[in-house]
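Undergrad: Let me give you the structure first, and then I'll get to my questions.
The values are calculated or read from the model by the stated rules, or taken from the named source; none is laboratory data. Small disclaimer: the values here were computed from a predicted structure and weren't measured. Backbone-built Cβ (ideal geometry, glycine too); neighbour counts: all protein chains shown.
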Amino acid sequence: MKRRGFTLIELLVVIAIIAILAAILFPVFAQAKAAAKKTSDLSNLKQQGLAIIMYEADVDDQIPFGLDNNWQAAWPLLVVPYVKNGAMGAQDYGKGAGLFRSPFDTNPAPAPGVDPIASALGTTISYGANGYFDCNAGCVLHGMFTPMAQGWILPDTKSATAVTRPAETVMLGNKYNTEAVAYGSMGVFSAFYGAVFIGPDWFDWGAPGEIPNGNPNAGWVNGALNAPYPKGPRGAVGITTGGQANFAFADGHAKSMKPEATNPDPIGKPQSNMWNADR
């Protein structure tokens, strides 16, 4: 009996078939992985939102500070007791921050060995709270979270019952350290720098805080609709997949939507600004 091996043509055909299958399947795998990340990220925001609501129930309906005046009690630290996967003490520094870190945030947490509480640094986080200030008429706090408790901003927090349309008011959203650092800010060093969305040009040295601006005829930079992060239509909001981002709302629900849809036309339709908790 003669032993017959594969011919070169047969080997090439098999290799070609494998290559074609790989080209078809790899994008599918990538999409599945991205979808899983998006679901995990949305779950993070959902849990954070519920933790904030539980915090409010324990402190006479008061929304936690976005950042207090000693820079050591931003909202993530205040709500840590209400979550199981979000410890942010010194022992966890450098290990990520549980549900406060998004799977889309590629910057690693800072190296371990620094006490985040004593140093006022904090574990880097991937989400920002709505501390929107409307500076078109005297810089009035229209967001949910007081950005700072220092006298030059506001000394007190806001009541949750003061939010007029809780199901349509943004509480939290994606805000990645990776993008803040690439922009040139100090956001990699602290949860507190990146903890709040405030408004145009506030805290850009720490982590950009611009909210989205979806107006079709006006952008953040000389009317440029395609201005780069954080001046474009999505502001400083981090993208998950398909141009969308995840948001938690004041009533506790969370969903994915395009960032510019949260503030589609601040000039023509200010009542549609989901960052305005007083509308």
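Undergrad: Only one of these is under 30 Å from Glu168 (Cα atoms), modelled with pLDDT of 70 or more and crowded, with 24+ Cβ neighbours inside 10 Å: Phe104, Phe100. Name it.
TA: Values: Phe104 fails: crowded, with 24+ Cβ neighbours inside 10 Å.
Among Phe104, Phe100, only Phe100 is under 30 Å from Glu168 (Cα atoms), modelled with pLDDT of 70 or more and crowded, with 24+ Cβ neighbours inside 10 Å.
Undergrad: Could you check Gly242 against (1) more than 15 Å from the chain's Cα centre (by Cα); (2) in contact (Cβ under 8 Å) with a residue 60 or more places away in the chain; (3) within 19 Å of Asp41 (Cβ to Cβ) and say which number it fails?
TA: Failing condition for Gly242: (2).
Undergrad: (1) small (Gly, Ala, Ser); (2) modelled with pLDDT under 80; (3) not in a helix (DSSP H, G or I): which one isn't true of Gly143, the others all being true?
TA: (2)
Undergrad: What is the one condition in (1) within 18 Å of Asp41 (Cβ to Cβ); (2) modelled with pLDDT under 80; (3) charged (D, E, K, R) that Arg234 does not satisfy?
TA: Unmet condition: (2).
Undergrad: Here is a list: Thr241, Thr169. Which entry is closer than 14 Å to Gly131 by Cα and modelled with pLDDT of 85 or more? Explain how you work it out, then say what you get.
TA: On the way: Thr241 fails: closer than 14 Å to Gly131 by Cα.
One residue alone meets the criteria, Thr169.
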